[in-house]
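Visitor: My structure is below; once you've seen it, I'll send some questions.
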Amino acid sequence: MNRILNIVERHTHHKSGGRHGTGMAIMRKGKQFRWQRKDLIGLRDLTAEEIIHILDTARGFEQISTRSVKKAPPLRGKVVVNLFFEDSTRTRNSFALAASRLSADVIEFTKKSSAVSKGETLLDTARNLEAMGIDIVVIRHSAAGAPMFLARSIKACVVNAGDGSCEHPTQALLDVYTIRQMKGSLEGLKIAIVGDIAHSRVARSDMWAMTKLGAEVTFVGPPTLMPGNLDQLPVNVSYSLDEVIDKVDVVNMLRIQFERLGGNPFPSIREYSRYFGLTVERMRRAKSDIVVMHPGPINRGLEMESEVADGSNSVILQQVTNGLAVRMAVLFLVNQAAAEVST
Amino acid sequence: MKVILNAEQIESKLRDLAEVIASVTPPEDDLAIIGVRSRGEILAQRLAAALSEQLGKPVPCGTLDITLYRDDLNSPHGTGQPLVRTTEIGFDIDDKTIILVDDVLHTGRSTRAALDALIDLGRPKAIRLAVLVERAGREFPIQADYAGYKADVGPGQKVQVNLIESDGKNEVVVE
């Protein structure tokens, strides 16, 4: 009953809404998409339509970073917490800058400097932050599922900035945003994701985003660095970069994450580089307009030769720039969804 | 629903606006037109074409998206989820005399948002407001410098500007 009243009230408001009323009329005519998630946990659960909506929204944020006043007011008076339980420079700075460009206040929280080192649980940490009146939590955690757990436990919006080897949704969003910029659309594109797939949350989020948008994804790497559940994933698998390099439109080279690798997944760095590194020689066999990506930070000479990383096919720095626009869009959208829920 | 301006009348109002703007703007002023998405964008393009003809020189034209500057983004009275679109202004607005174009001036709230959005892009010499239709109902101290038509409508009524590019026909109606 309450809900119905609310709709009626809103409807009447449109009618007397002048300029805004006009705006709504356009939306009712067109197919107006409505973003309803107060959290962004992963891309696995998102529809293609939702992903496209984030990417389209991000276009409107791109120019904020290029003008003289690099700020807009939509999150004015909101507080964003960067809750990072794992080291990160790029993603943390990108989120902090995105939040401040939207006029939010940003609190930086790292594991080392917090009560977590005194034994506080994740939930207690979050509840304490929430008691201070925060609006959005950006969380990175080594445990897969931590962002989901948090989203269920607190009222604030939760944005996943990487959980274990599960998902890193904003990285994948900026990847597909960059590919769209270069190629127009992902429909029908062949994309190789190369390297340590098993430990890579980027590979997983990329896979969901890219396949939902119509691309064909191939995981490339040594068998020791492949995940165990390959047959359940919507991807092709190749154990040879030479086999796929001449066929793909986009190649995403993952970083070898020495900090996560146990045992001896490959005999030597030089051998890995010989079979799976993106070399100048391999680039000669690739399509001339192949898009070369890397989520950073690069181990130069290992995953990729410097000439390739700095070459004309590389969009690595463009990815970083786009990351800002995409993260601004995500922060804006979750906050909008939360504002609607609270009304 | 009553038609208050037909296609021909819209064109003639825009020509009148261009004529007035051309006649009152000092020749040393560097004119540029900026339309507020989405109807204002289309009207701005038409006005820029008419003005270019009047002045015998090209008048630059851009589009402003005011979504991020709206005052109802976090308000319970918001009119639903707005779509963020791009601002496309391919020239420097510093020291220019900007003609800000919108379809209807009603509460003045979107004009306030547009002014804030513009100021974040630079420091124009002046900003003037041109609208196709002006009506009562101001909530902010904002008035139009140039208005094509003054519509006499009550608070419960809505002025809808339809343009061929977005709505399939050119007409202004009162609902």
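The values are calculated or read from the model by the stated rules, or taken from the named source; none is laboratory data. Here the structure is a predicted model, which means the values were calculated and not measured. With ideal geometry, Cβ positions are generated from the backbone for all residues, glycine too; neighbour counts draw on all protein chains shown.
Visitor: Which one of A:LEU55, A:LEU40 is within 14 Å of chain B (Cβ to nearest Cβ) and at pLDDT 85 or above? First the steps, then the outcome.
Guide: Working: A:LEU40 fails: within 14 Å of chain B (Cβ to nearest Cβ).
Criteria check complete, one pass: A:LEU55.
Visitor: Looking at the structure I just gave you, is B:VAL159 within 16 Å of the chain's Cα centre (by Cα), farther than 27 Å from B:VAL24 by Cα and among the aliphatic types (A, V, I, L, M)? It would help to see each step written out before you state the result.
Guide: Details: within 16 Å of the chain's Cα centre (by Cα): yes; farther than 27 Å from B:VAL24 by Cα: yes; among the aliphatic types (A, V, I, L, M): yes.
Judged against the criteria, B:VAL159 is a match.
Visitor: Then there is this: Do we find that A:SER88 is within 8 Å of chain B (Cβ to nearest Cβ) and surrounded by fewer than 18 Cβ atoms within 10 Å (Cβ to Cβ) in this structure?
Guide: no
Visitor: Given the conditions (1) closer than 29 Å to A:VAL80 by Cα; (2) part of a helix (DSSP H, G or I); (3) outside the structural domain of A:SER103 (by TED's automatic domain parsing), report the number of the one that A:VAL308 does not fulfil.
Guide: Of everything listed in (1) closer than 29 Å to A:VAL80 by Cα; (2) part of a helix (DSSP H, G or I); (3) outside the structural domain of A:SER103 (by TED's automatic domain parsing), A:VAL308 misses just condition (1).
Visitor: Ok, one more. Being buried (at least 18 other Cβ atoms within 10 Å of the Cβ), more than 18 Å from A:VAL320 (Cα to Cα) and not hydrophobic (A, V, I, L, M, F, W, C) is the filter here, so list the residues in segment A:51-72 that pass it.
Guide: Of everything in segment A:51-72, just one residue is buried (at least 18 other Cβ atoms within 10 Å of the Cβ), more than 18 Å from A:VAL320 (Cα to Cα) and not hydrophobic (A, V, I, L, M, F, W, C), namely A:HIS53.
Visitor: Between A:LEU150, A:LEU75, which is farther than 26 Å from A:SER165 by Cβ and crowded, with 22+ Cβ neighbours inside 10 Å?
Guide: Details: A:LEU150 fails: farther than 26 Å from A:SER165 by Cβ.
One residue alone meets the criteria, A:LEU75.
Visitor: Looking at B:LEU55, B:LEU105, B:LEU64 in this structure, which one is touching an Asp or Glu at 6+ places or on another chain (Cβ under 6 Å) and hydrophobic (A, V, I, L, M, F, W, C)?
Guide: Values: B:LEU55 fails: touching an Asp or Glu at 6+ places or on another chain (Cβ under 6 Å); B:LEU64 fails: touching an Asp or Glu at 6+ places or on another chain (Cβ under 6 Å).
On inspection, the qualifying residue turns out to be B:LEU105.
Visitor: Could we say that B:VAL101 is out of contact with any Lys or Arg (no Cβ under 8 Å at 6 or more places or on another chain), on the phi < 0 side of the Ramachandran plot and buried (at least 23 other Cβ atoms within 10 Å of the Cβ) here?
Guide: Working: out of contact with any Lys or Arg (no Cβ under 8 Å at 6 or more places or on another chain): yes; on the phi < 0 side of the Ramachandran plot: yes; buried (at least 23 other Cβ atoms within 10 Å of the Cβ): yes.
When the stated conditions are applied, B:VAL101 passes them.
Visitor: Let me ask you something else. Count, please, the residues in segment B:70-129 that happen to be part of a helix (DSSP H, G or I) and in contact with a Gly (Cβ under 9 Å, 6 or more places away or on another chain). Let's see the steps before the verdict.
Guide: To start, the set of residues in segment B:70-129 that are part of a helix (DSSP H, G or I) comprises B:109-119.
Those still in the list that are in contact with a Gly (Cβ under 9 Å, 6 or more places away or on another chain) too: B:109-110, B:114.
Of the residues in segment B:70-129, 3 are part of a helix (DSSP H, G or I) and in contact with a Gly (Cβ under 9 Å, 6 or more places away or on another chain).
Visitor: Does B:ASP65 meet the test of being touching a residue at least 12 places away in the same chain (Cβ under 8 Å) and within 12 Å of chain A (Cβ to nearest Cβ)? Let's see the steps before the verdict.
Guide: Values: touching a residue at least 12 places away in the same chain (Cβ under 8 Å): yes; within 12 Å of chain A (Cβ to nearest Cβ): yes.
Judged against the criteria, B:ASP65 is a match.
Visitor: While we're looking at this one, here's another question. Which of the following residues is within 14 Å of another protein chain (Cβ to nearest Cβ), within 17 Å of the chain's Cα centre (by Cα) and more than 30 Å from A:SER103 (Cα to Cα): B:LEU43, B:LEU47, B:LEU5? Working first, answer last.
Guide: Details: B:LEU47 fails: within 14 Å of another protein chain (Cβ to nearest Cβ); B:LEU5 fails: within 14 Å of another protein chain (Cβ to nearest Cβ).
Unique residue meeting the criteria: B:LEU43.
Visitor: Hey, another quick one. Return the pairs, sorted by first residue and then second, in which the second residue is in a loop (DSSP other than H, G, I, E, B), the first residue lies in segment A:311-323 and is closer than 16 Å to A:ALA172 by Cβ, the beta carbons are less than 8 Å apart, and the residues are 6+ apart or on different chains.
Guide: As it stands, the answer is A:ILE316/A:HIS294; A:ILE316/A:GLY296; A:ILE316/A:ILE298; A:GLN319/A:HIS294; A:GLN319/A:PRO295; A:GLN319/A:GLY296; A:VAL320/A:GLY296, since those pairs meet every condition given.
Visitor: Oh, and also: Within segment B:72-80, does at least one residue satisfy the condition of being touching a strand residue (DSSP E or B) at 6+ places or on another chain (Cβ under 9 Å) and within 7 Å of chain A (Cβ to nearest Cβ)? Please lay out each step first, then the result.
Guide: Let us first name the residues in segment B:72-80 that are touching a strand residue (DSSP E or B) at 6+ places or on another chain (Cβ under 9 Å), namely none.
Scanning segment B:72-80, I find no residue that is touching a strand residue (DSSP E or B) at 6+ places or on another chain (Cβ under 9 Å) and within 7 Å of chain A (Cβ to nearest Cβ), so the answer is no.
Visitor: Could you tell me how many of the residues in segment B:140-159 are closer than 19 Å to B:LEU100 by Cα and either within 14 Å of chain A (Cβ to nearest Cβ) or of a type in the set (Val, Ile, Thr) (or both)? So that I can check it myself, show each step before the final result.
Guide: Of the residues in segment B:140-159, the ones closer than 19 Å to B:LEU100 by Cα are B:140-150.
Adding the requirement that they be either within 14 Å of chain A (Cβ to nearest Cβ) or of a type in the set (Val, Ile, Thr) (or both) leaves B:140, B:142, B:144.
Residues flagged as closer than 19 Å to B:LEU100 by Cα and either within 14 Å of chain A (Cβ to nearest Cβ) or of a type in the set (Val, Ile, Thr) (or both) within segment B:140-159 amount to 3.
Visitor: Those residues that are of a type outside the set (Lys, Arg) and away from chain A (no Cβ under 12 Å), I need them from segment B:105-139; list them, please. Can you show your working first?
Guide: Going residue by residue through segment B:105-139, those that are of a type outside the set (Lys, Arg) are B:105-108, B:110-111, B:113-122, B:124, B:126-127, B:129-134, B:136-137, B:139.
If the condition is that a residue be of a type outside the set (Lys, Arg) and away from chain A (no Cβ under 12 Å), then B:LEU115, B:PRO124, B:ALA126, B:ILE127, B:LEU129, B:ALA130 are the ones that fit.
Visitor: Is it true that A:ARG284 is at pLDDT below 95 and in the same structural domain as A:GLU243 (by TED's automatic domain parsing)?
Guide: Values: at pLDDT below 95: no; in the same structural domain as A:GLU243 (by TED's automatic domain parsing): yes.
Here the answer is no, as A:ARG284 does not meet what is asked.
Visitor: Is segment A:325-337 home to any residue that is surrounded by fewer than 22 Cβ atoms within 10 Å (Cβ to Cβ), in a loop (DSSP other than H, G, I, E, B) and more than 16 Å from the chain's Cα centre (by Cα)?
Guide: no
Visitor: Taking the residues in segment B:1-38 that are of a type in the set (Lys, Arg) and not in a helix (DSSP H, G or I) as candidates, determine which candidate is farthest from B:VAL174 (Cα to Cα).
Guide: Going residue by residue through segment B:1-38, those that are of a type in the set (Lys, Arg) are B:2, B:13, B:15, B:37.
Now narrow it down to the ones that are not in a helix (DSSP H, G or I): B:2, B:37.
On the way: B:LYS2: 5, B:ARG37: 21 Å.
It comes out as B:ARG37.
Visitor: Can you tell me which condition A:GLU259 does not meet? The list is (1) crowded, with 21+ Cβ neighbours inside 10 Å; (2) under 20 Å from A:THR89 (Cβ atoms), and all the others hold.
Guide: Every listed condition holds for A:GLU259 apart from (1).
Visitor: Name the residue, out of A:GLU281, A:GLU271, A:GLU305, that is acidic (Asp, Glu), farther than 29 Å from B:LEU73 by Cβ and touching a Ser or Thr at 6+ places or on another chain (Cβ under 8 Å).
Guide: Working: A:GLU281 fails: touching a Ser or Thr at 6+ places or on another chain (Cβ under 8 Å); A:GLU271 fails: touching a Ser or Thr at 6+ places or on another chain (Cβ under 8 Å).
Step by step, each of A:GLU281, A:GLU271, A:GLU305 is checked, and only A:GLU305 is acidic (Asp, Glu), farther than 29 Å from B:LEU73 by Cβ and touching a Ser or Thr at 6+ places or on another chain (Cβ under 8 Å).
Visitor: Which residues, counting only those in segment A:166-204, are under 13 Å from the mean Cα position of the chain (by Cα) and in a strand (DSSP E or B)?
Guide: Of everything in segment A:166-204, just one residue is under 13 Å from the mean Cα position of the chain (by Cα) and in a strand (DSSP E or B), namely A:GLU167.
Visitor: Which residues, taken from segment B:148-175, are small (Gly, Ala, Ser) and touching a residue at least 60 places away in the same chain (Cβ under 8 Å)? Break it down into steps so the answer makes sense when it comes.
Guide: As a first pass, look at segment B:148-175 and keep what is small (Gly, Ala, Ser): B:148, B:151, B:154, B:156, B:166, B:168.
Hits for segment B:148-175 are B:GLY148, B:ALA151, B:SER166.
Visitor: Another question about this same structure. Considering only segment A:225-274, state which residues are more than 24 Å from A:ARG44 (Cα to Cα), modelled with pLDDT of 95 or more and not acidic (Asp, Glu).
Guide: A:TYR239, A:SER240, A:LEU241, A:VAL244, A:ILE245, A:LYS247
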